[in-house]
Amino acid sequence: MCGIVGFVGKSKQAKDVLLEGLTRLEYRGYDSAGIAVSDGDRINVVRRLGKVRRLVESIGETDCLGTCGIGHTRWATHGAPSERNAHPHMSCADEIAVVHNGIIENFAELREELEGKGHVFSSDTDTEVAAHLVEEAYDGDLLTAVRYATSRMIGAYGLAVMCKEEPGRIVVTRKDSPIVLGVGEEGSYLGSDIVALIDATRDVVILEDEQYAVMTADGIDYFDREGAPIEPEITHIDWTLDAAEKGGYPDFMLKEIHEQPRVVRDTLAGRFSGTEITIDELSLTRTELNFIDRVYIIACGTSYHAGLIAKDLIEGWARIPTEVEVASEFRYRNPIITPTTLVVAVSQSGETADTLAAIRDARIKGAKVFGITNVIGSRVARESDGVIYTKANKEISVASTKSFTGQVVSLTLLAMLLARSRGKFNQNQTRILFSELADCADAIEQVLQDTEQIKDAASVFEGRESAFFIGRGMGAATCYEGALKLKEISYVHAEAYAAGEMKHGPIALIDEGFPVVAVATQSPIYDKVVSNLKESESRGASIVAVATEGDTSICDVADKVIYIPKVRDAFMPIVASVPLQLLAREVAVARGCDVDQPRNLAKSVTVE
Ligand code: M6R
């Protein structure tokens with residue numbers, strides 16, 4: 001949710017590294033930002049309400065000088081967005097500075113206890129207790145004091161702590177919240193995400209839960225929860241910083257939408273042997289695969305929508321009953337899980353707290369858990385029995401686009417594998433399907449070349465505050481994602497329905513000019529979709545239809561048509577989602593919205 005950074009060097013100014021890192025991590029939260037830098041005598045703190053840009057603008061040449069510092073960009077949980085609640089937080093004597101990502105669940109008891117001992121708090125946050133706990137325990141060794149503080153804290157934390165008495169040292173730890181560290185030519189770096197340090201080094205350490213790191217200008221030492229030194233595992237990162245830059249596009253979202261043909265190709269690379277779908281990471285034998293008698297797909301938000309699409313494929317092809325569940329509900333519902341249940345956890349970030357909790361729950365109940373994530377070394381990757389990476393590369397825009405495509409393609413491969421293992425497809429059918437799946441990359445490219453039809457369709461939303469997205473079968477699942485995209489970035493209220501449901505209530509909302517977006521591509525139920533559209537048209541709706549190229553009859557019912565190339569119905573969502581992403585962006589831009597950083601949201605949701 002929040003982003004944290006840290007740097008200790010010999011000569012480079014820490015503030016430059018921190019502000020650059022925070023700018024790259026801003027997708028994690030943008031309610032407020034702040035840095036703390038030690039000048040050797042004291043810790044100087046600057047915090048600002050709003051985006052990192054406001055912080056950057058308010059720090060002058062001569063402010064915050066020093067080569068050791070920590071920084072934070074916040075997505076508010078406890079305590080409203082305000083300067084007083086912005087991190088870093090300080091202890092009473094301004095000697096301990098703390099930045100934190102996560103939630104300290106027992107902060108109220110700790111605060112009461114600390115106030116009883118005379119500590120004076122200056123914010124409404126849960127984080128501030130960490131600064132006072134460290135202050136309370138500090139007796140000349142920051143690592144020992146931080147270990148004491150974390151032993152008292154219940155909840156999730158990625159924590160970086162500085163002490164006035166130990167300039168040039170930062171103590172870092174984590175529990176259920178990501179921390180990445182690395183050493184570059186200029187010093188030691190820390191971030192909530194690799195993008196904060198990738199400029200400096202490609203060899204990073206992904207800190208494990210309850211491990212500690214002590215950063216100095218000379219390097220980083222690692223310790224276990226008992227304080228004993230440990231040798232960390234180094235992970236080499238092979239993607240480049242391009243992923244964290246806009247590359248000539250006006251925003252990350254548009255750039256990421258345009259990357260989708262590459263995502264399809266990369267996600268499929270090496271997945272077909274010529275005769276078989278290969279997902280070795282699943283680590284299940286063919287016999288184990290055949291014993292699977294139920295699949296649960298658990299995810300949140302866009303990842304959940306990818307799961308809805310996969311349900312039709314797994315049930316349709318492999319004939320295995322498949323449930324798709326919002327992770328935050330799954331874990332409190334006592335679902336039926338046995339050792340022959342396959343749980344598929346889908347998460348772009350691999351950090352989503354609800355999805356992680358559901359994974360843990362499923363494993364305790366004996367299920368095999370297969371993760372689909374975009375982030376190497378993320379918790380979903382580490383806590384699953386097997387993992388497939390979606391090859392979307394870093395996704396910066398808060399609204400997921402290319403990672404969704406990577407997820408749908410990965411889930412499609414899984415459905416094909418399950419069907420093939422049960423003998424539902426022969427080799428030739430598998431080959432044809434794989435080839436048609438690969439062709440979706442070209443189909444998306446074609447959609448991206450003709451965006452005039454999408455710009456034209458966006459005019460339907462002028463002056464409107466509400467819209468429906470309707471489709472049937474996989475078209476309905478595609479609409480759920482289209483509606484989410486529209487509401488999260490343009491703030492236009494949008495609801496998606498299975499088109500046949502409109503007449504059971506929602507149609508009452510239709511009046512003259514009400515926007516209805518329909519996925520009406522060629523499929524066995526095309527005629528049913530068209531008749532549902534007629535019901536809305538006759539009540540005055542302005543209809544935008546995503547249709548298959550060559551379908552001229554759709555113009556009889558639709559005011560605007562966005563054509564996409566013909567692909568197999570099973571693969572339609574991969575292609576049809578792209579114009580819906582572009583449409584949402586077009587509407588958002590026309591309304592003057594910040595498409596990359598929509599209000600109230602953050603890229604990864606590490607709190608329940
Ligand atoms: O990282 P995850 O895939 O687990 O995130 C799940 C949702 O928070 C995420 O998909 C969210 O809905 C996006 N803002 C959608 O664009």
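The values are calculated or read from the model by the stated rules, or taken from the named source; none is laboratory data. No experiment lies behind these values; they were computed from the predicted model shown. Positions of Cβ are backbone-derived with ideal geometry, glycine not excepted, and every protein chain shown enters the neighbour counts. When the accessible area is computed, the model is the full protein with side chains, heavy atoms only, and any ligands, DNA or RNA have been set aside. Shrake-Rupley method; radii C 1.70, N 1.55, O 1.52, S 1.80 Å.
A few comments on the model shown:
- For the stretch 566-608, the square roots of the Cα gyration tensor eigenvalues, ordered a ≥ b ≥ c, give a/c of at least 1.5 with a/b no greater than b/c, which places it in the oblate category.
- Candidate residues F272, F571: accessible-area rank, largest first, probe 1.4 Å: F272, F571
- Protection proxy ranking of 478-488, 10-20, 454-464 - average other beta-carbon atoms within 10 Å, highest first: 478-488, 10-20, 454-464
- Applying a DSSP loop filter and a limit of 12 other Cβ atoms within 10 Å to the chymotrypsin sites (Phe, Trp or Tyr not before Pro) in the stretch 311-360 leaves Y332.
- Charge dipole of the chain about the Cα centre (unit charges at C-beta), most positive-ward option of V343, G475, S378: G475
- Entries in K394/K528; K10/K175; K255/K424; K424/K603; K12/K164; K534/K603 that, when Cα-Cα distance is taken, lie over 31 Å: K394/K528; K255/K424; K424/K603; K534/K603
- Net charge of the neighbourhood of P579, taken over other residues with C-beta under 14 Å away and scored Lys/Arg +1, Asp/Glu -1, is -3.
- Positive-end residue of G116, M1, L22, charge dipole of the stretch 1-125 with Cβ unit charges: L22
- Nonpolar atom fraction for the stretch 485-608, defined as the carbon and sulfur part of the 1.4 Å probe accessible area, stands at 49 percent.
- Under a model in which nothing but the beta-carbon of Lys, Arg (+1) and Asp, Glu (-1) is charged, the chain shows a dipole of about 1540 debye around its Cα centre.
- A Cβ-based charge dipole, computed about the Cα centre of the stretch 72-189 with Lys and Arg at +1 and Asp and Glu at -1, lands at about 280 debye.
- Within a straight-line Cα-Cα reach of under 19 Å, K485 can be paired with the following aspartates and glutamates, leaving aside sequence neighbours fewer than 8 residues apart in one chain: D251, E256, E259, E395, D456, E462, E465, E495, E586, D594, D596.
- Considering helices alone, the calculated mean residue ellipticity of the chain at 222 nm is -10000 deg cm²/dmol, with DSSP H runs of length four and up weighted by -39500 (n - 2.57) and normalised per residue.
- Note on the chain: antiparallel DSSP beta bridges, both residues inside, total approximately 60 percent of the bridges counted.
- Charge dipole magnitude, Cβ of K and R +1, D and E -1 - the stretch 150-292, Cα centre, debye nearest 20: 440 debye
- Taking every alpha-carbon pair within the chain, the share separated by more than 50 Å comes to 14 percent.
- Over the chain, relative contact order from alpha-carbon pairs under 8 Å, at least 6 apart, %: 12 percent
- Using a probe of 1.4 angstrom and keeping all protein chains present, the accessible surface of the chain works out to 37 square angstrom per residue.
- Shape call, the stretch 1-90: gyration tensor on alpha carbons, a/c limit 1.5: prolate
- Look at the Cα gyration tensor of the stretch 25-154: its axes a ≥ b ≥ c give a/c of at least 1.5 with a/b at or below b/c, and that counts as oblate.
- Potential lengthening of the chain between D203 and E465 amounts to 89.5 nm, from the contour at 0.36 nm per residue minus the alpha-carbon distance.
- Across every direction, the projection of the convex hull enclosing the Cα atoms of the stretch 510-608 has a mean area of 8.6 nm².
- Axial C-alpha extent at least 20 Å, average Kyte-Doolittle at least 1.0 - helices from the chain (DSSP): 572-590
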